[in-house]
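Q: Shown below is the structure under consideration.
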Amino acid sequence: MSSFFIKKKGPPKVFKKSENSAGSKRKNDGDTGNKLKKKLNSKHNEEISSDSETEGPAVHRKRRANVEEEFDETPQEKKLRLAKLYLDQLRDEEEKKAEEESFETDLIAGRLQEEVLEQKGKLQRMVAKDLLPPDTSEIRLLRGHKLPVTCLVISPDDKHIFSAAKDCSIIKWDVENGKRLHTIAGGRKGTEDRHVGHTAHVLCISISSDGKYLATGDMNKLIMIWEAATCKHLYKFTGHRGPVSGLSFRRGTHDLYSASHDRSIKVWNVDENAYVETLFGHQDVITGLDSGSRERCVTAGGRDRTVRVWKIAEESQLVFHGHEGSIDCIQLINEEHMITGADDGSVSLWSVNKKKPLSTVKAAHGRHGDSGLEQPYWVAAVAALQNSDTVASGANCSHNSKVQLWKCGQGFRHLEPLFSIPVPGFVNSLKFSSSGKFLVAGVGQEHRLGRWWRLKEAKNGLYIIPLKRQQPEQEGVQNGEENGV
């Protein structure tokens, strides 16, 4: 009988080894992941802690608020918010642009109004009330001429002064430092053919409004044209039969007007180096000439006691009477008003619309001589600050000589004295700078036209007189209606 061994079946064995290795693997993977996460978190935490040290808790709260706001905001709300911001930005830009355009419009309107008034000859900037007398220590003397200064002109940019004298020389000065930049030496009589420059007293000088050309006239009946920047000689104009006593460029052009003791006025085109025409009318030597932007010039007729306005295009002239003595100097204030000085000591204001002076101050610089035989000091130079209410005059005084500043009343109806500046010597020429910041007086020991008196204590040179202003509340510009013109 066979024996059978029956093995009793028990519960299935669980292969723990395989399970344990898989679980171990998962456990190890988990541990590795946790370690990496800890590392990253640690690194992240380190960065945050570093930032927090710099920025502080307030910044974190703001960031958290922004993050929460971003998470709370829907796409539609975000679009609406951005659209509002864009509209606000556009509105601000348009308002700023409108303000700038309004400001520019006001500026342009003001400028156009001034130009219209200037063309009409009715522009009068009220600056005289703000002028202050300068300290004598602030007045500078520029010396370089050997003989009395006879004439001067200031460049349009106020950087240079050109002066001429009885020594036949021309000097270009630097206004800022007072140094001589260039000297055109005078020559001896009889060397005209070989000398580049004047060989006789220079009586008048003018510069074009763009500062390109300089013109000078002398006792030898010659007009010379120079390049103002380099003082290079360009042309020589001949034709006058007497000493050239006045020169003026028409503003904005290179047309040149000249006056002479031959009683004529000539018109020249400097660009073309050409003579244009001659005008006659004065009955005595012409002692002064000036011009503006219109095609016309004004002249003083010396002992014929007339002031004339020459309308070049219309080929006509206006004649004015009023002075009792010889009219020796003239200057335009604007296109329709002018100032003159005479050897009877008077200073007069004129309008082209009136045949007589609007105002006359007699013995403007005082009198001299014995009691009962007093004679007024001879007014030899006048100047005007263009389109303003300020003018100046200088006299030939044997003692106590000075430059007198005047204020023109409304509508140029009268003259009021402002203050005087002592300047020893004969004041032969006066010019205001374009900016009105200074006044230049050309002074000498003798009168520019003769040797009737001589002041040995005087110095031949240029006095630069600063014109300081007190702060005005508002600079006034008066038109014809306000002035009653």
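Q: Check Ala395: other-chain or 5+ apart residues with amide H under 5 Å from its amide H, H built from backbone geometry?
A: Correct list: Ala380, Lys402, Val427.
Q: Around Glu335, which amide H atoms from residues at least 5 apart in sequence, or from another chain, sit under 5 Å from its own amide H, with H modelled in the peptide plane?
A: Here the answer is Gly121, since their amide H atoms fall under 5 Å of that of Glu335.
Q: Provide the gained length on full extension for the span Phe419 to Ser209, in nm with one decimal, where the gain is 0.36 nm per separating residue minus the Cα-Cα distance. The partial results should precede the final answer.
A: Numbers: separation 210, 0.36 × 210 = 75.60 nm, distance 2.98 nm.
The Phe419-Ser209 span can extend by a further 72.6 nm.
Q: Something else now. Mind listing the phi-derived Karplus ³J(HN,Hα) values for the range 294-309, rounded to whole Hz, using 6.51, -1.76 and 1.60 with θ = phi - 60°, and x for any glycine or proline?
A: 6, 7, 7, 9, 10, 9, 10, x, x, 7, 7, 6, 10, 10, 10, 10
Q: Then there is this: Taking R0 as 51 Å, what's the FRET efficiency between Leu318 and Lys96 from their Cβ-Cβ distance, rounded to 0.05?
A: 0.45
Q: Let me ask you something else. If you take the beta carbon distance between Ile108 and Ser371 as r and set R0 to 60 Å, what does 1/(1 + (r/R0)^6) give as a FRET efficiency, to the nearest 0.05?
A: Numbers: r = 61 Å, r/R0 = 1.02.
The formula returns an efficiency of 0.45 here.
Q: Right, here's the next one. Kindly rank 219-226, 165-172 from highest to lowest mean number of other beta carbons found within 10 Å of each residue.
A: Peptide ranking by packing, descending: 165-172, 219-226.
Q: Hey, what's the range 141-196 come to in accessible area per residue, 1.4 Å probe, Å²?
A: 52
Q: Next up: So, how do all the Cα-to-Cα distances of the range 201-333 break down into 10 Å bins, in percent, from 0 on up?
A: 13, 48, 32, 6, 0
Q: Stretch Leu132-Lys179 to full length: gain in nm at 0.36 nm per residue minus the Cα-Cα span?
A: 14.3 nm is the gain from fully extending Leu132 to Lys179.
Q: May I pose another question? Once R0 is set to 56 Å, what does the formula 1/(1 + (r/R0)^6) return for the Cβ-Cβ distance between Lys159 and Arg303, expressed as a FRET efficiency to the nearest 0.05?
A: E(calc), rounded to 0.05, equals 0.90.
Q: Gain in length, Val196 to Leu141, computed as 0.36 nm per residue apart minus the alpha-carbon separation, to one decimal in nm? Intermediate results must be reported in sequence, preceding the final value.
A: On the way: separation 55, 0.36 × 55 = 19.80 nm, distance 2.81 nm.
Here the segment from Val196 to Leu141 would lengthen by 17.0 nm.
Q: Let me ask something else. Longer than 19 Å from Cα to Cα, which of Lys355/Lys402; Lys146/Lys179; Lys232/Lys266; Lys232/Lys437; Lys166/Lys221; Lys129/Lys468 are they? Say none if no pair is.
A: Lys355/Lys402; Lys232/Lys266; Lys232/Lys437
Q: Now for a different question. Scan around Ser209 for amide H atoms under 5 Å from its own, H built in the peptide plane at 1.01 Å from N, and keep only partners 5 or more places away or cross-chain.
A: Amide H neighbours of Ser209: Gly252, Thr253.
The values are calculated or read from the model by the stated rules, or taken from the named source; none is laboratory data. Quick caveat, the model's predicted, so the values are computed rather than measured. For neighbour counting, all protein chains shown are included, and Cβ atoms are generated from backbone atoms with ideal geometry for every residue, glycine included. Surface areas here come from the heavy atoms of the whole protein model, side chains and all, with no ligands, DNA or RNA. Shrake-Rupley method; radii C 1.70, N 1.55, O 1.52, S 1.80 Å.
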